[in-house]
Amino acid sequence: MVKKRRKVYKRRKINRNKYKFLIRRIFAFILLVTFFMGLKYIFTNNREFISSESINNYIDYVDSFSGWRKQLNWKEVAAIDGIKNIDYNNINKKKIEEICKWFYDENNNIKDFEKVLEEQDFTDKEKKRAEKNLKNLSEVSLRNIRGDSDKEKDKLIENMKEISIENYKKSGVLPSVTISQAILESNWGKSELSAKYNNYFGIKASAGWKGKIATFSTKENYNDTIKANFRAYDSLEESVNDLGNFLNVNSRYRKNGLFDGKNYIEQAQALEDAGYSTKKNSKGEAIYADLLIELIKDNNLMIIDSEAVKNE
């Protein structure tokens with residue numbers, strides 16, 4: 001009888017131990033799943049806390065309001081909007097336009113971000129939230145959100161930034177337009193013409209050109225390729241400066257409104273209208289302006305315009 005009780009007790013002890021082991025296994029599994037779900041949430045939140053649709057809306061609303069005025073920085077506007085609209089998913093056009101108004105003084109000059117926060121009587125907590133929002137948006141772009149975070153592309157833009165701003169002061173061509181042209185014409189500086197001869201804009205060598213020459217094949221239309229002579233330079237800066245001069249001395253660009261354009265959309269269209277490129281799609285439609293505008297939006301190049309015109 002005693003032996004039988006001992007066996008029963010032993011079996012119960014073994015069963016309890018198995019039960020405890022099973023509970024521990026389940027608990028560990030739940031912890032593991034929770035941990036990885038947390039990592040996924042953090043990663044997704046950091047990478048896509050603002051959607052591409054929201055970015056497009058901010059860009060379009062801010063650019064539309066800027067219009068004939070000096071170009072605003074859409075990230076600064078979004079950072080202030082984000083004080084109340086934390087998830088950036090419910091963007092109100094009228095609210096964005098109201099915030100845009102805060103950035104202009106009576107002469108349509110652009111105020112500093114900090115001054116806008118001060119003038120609108122935000123609390124210290126709200127100011128800190130806006131500053132944090134702006135910091136979180138610093139690396140955000142449509143290109144990055146698509147997963148294209150190529151550092152070499154970032155490097156080309158950075159290398160061209162100050163050169164293009166200086167060129168704008170001399171030539172009147174907005175930095176965003178100059179940089180987007182370089183990206184498009186040189187395939188991000190990877191073309192042989194740009195890599196070997198520093199010609200980032202596909203400018204051909206006419207009969208009057210006294211400098212160096214490089215001969216290459218070029219695609220003129222959707223499916224046409226020809227051989228042509230192109231200008232060659234000693235540096236990227238020389239290439240940018242010659243672009244500014246080229247556009248100014250050729251009257252067709254002025255006639256088509258390039259230097260009357262108040263923003264990158266108008267200047268890009270003027271380049272297409274003046275025949276800078278004959279690029280067309282399969283339907284025979286001119287697409288040069290659309291390609292430039294898309295590159296400008298994808299890479300936040302209009303923000304460089306904002307920096308260039310801010311203290312004029």
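Matching residues to (1) in a loop (DSSP other than H, G, I, E, B); (2) crowded, with 17+ Cβ neighbours inside 10 Å; (3) at negative phi; (4) not assigned by the TED database to the domain that holds E158:
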| residue | (1), (2), (3), (4) |
| --- | --- |
| L243 | no, yes, yes, no |
| A270 | no, yes, yes, no |
| S277 | yes, yes, yes, no |
| K283 | yes, no, yes, no |
| L292 | no, yes, yes, no |
| D305 | no, yes, yes, no |
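Condition first: surrounded by 18 or more Cβ atoms within 10 Å (Cβ to Cβ), of a type outside the set (A, V, I, L, M) and touching a residue at least 60 places away in the same chain (Cβ under 8 Å). Can you find one or more residues in region 223-234 that meet it?
Initially, region 223-234 is screened for residues surrounded by 18 or more Cβ atoms within 10 Å (Cβ to Cβ), giving 230-233.
Restricting the remaining residues to those that are of a type outside the set (A, V, I, L, M) gives 230-231, 233.
Still in the list and also touching a residue at least 60 places away in the same chain (Cβ under 8 Å): none.
No, region 223-234 has no match at all.
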Open item on the list: Exactly one of these conditions fails for G208: (1) assigned to a helix (DSSP H, G or I); (2) farther than 19 Å from I296 by Cβ. Give me its number.
Closed with: (1)
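Please specify each residue of region 162-204 satisfying the condition of being farther than 28 Å from N281 by Cβ and of a type in the set (A, V, I, L, M).
First, pick out the residues of region 162-204 that are farther than 28 Å from N281 by Cβ: 162-163, 165-172, 196-198.
Across region 162-204, the qualifying residues are I163, I165.
Any idea which of Q71, Q120 is within 25 Å of I179 (Cα to Cα) and not assigned by the TED database to the domain that holds L295? Step through it out loud before you land on a result.
Working: Q120 fails: within 25 Å of I179 (Cα to Cα).
Criteria check complete, one pass: Q71.
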- [ ] Among the helices (runs of 4 or more DSSP H) lying completely within region 89-186, list those that include at least 3 residues that are modelled with pLDDT of 95 or more and under 30 Å from Y233 (Cβ atoms).
- [x] 151-171, 175-186
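Do the conditions hold for G202, that is, is it in the same structural domain as L271 (by the TED database), touching a helix residue (DSSP H, G or I) at 6+ places or on another chain (Cβ under 7 Å) and either closer than 22 Å to A270 by Cα or surrounded by fewer than 20 Cβ atoms within 10 Å (Cβ to Cβ) (or both)? Steps first, answer last, please.
Working: in the same structural domain as L271 (by the TED database): no; touching a helix residue (DSSP H, G or I) at 6+ places or on another chain (Cβ under 7 Å): yes; either closer than 22 Å to A270 by Cα or surrounded by fewer than 20 Cβ atoms within 10 Å (Cβ to Cβ) (or both): yes.
No, not satisfied.
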TODO: Within region 186-213, track down each residue that is closer than 15 Å to N167 by Cβ and not aliphatic (A, V, I, L, M).
DONE: N198, Y200, F201
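The values are calculated or read from the model by the stated rules, or taken from the named source; none is laboratory data. In this text, all values refer to a predicted model and were calculated from it rather than measured experimentally. Neighbour counts run over all protein chains shown; Cβ positions are idealised from the backbone, glycine included.
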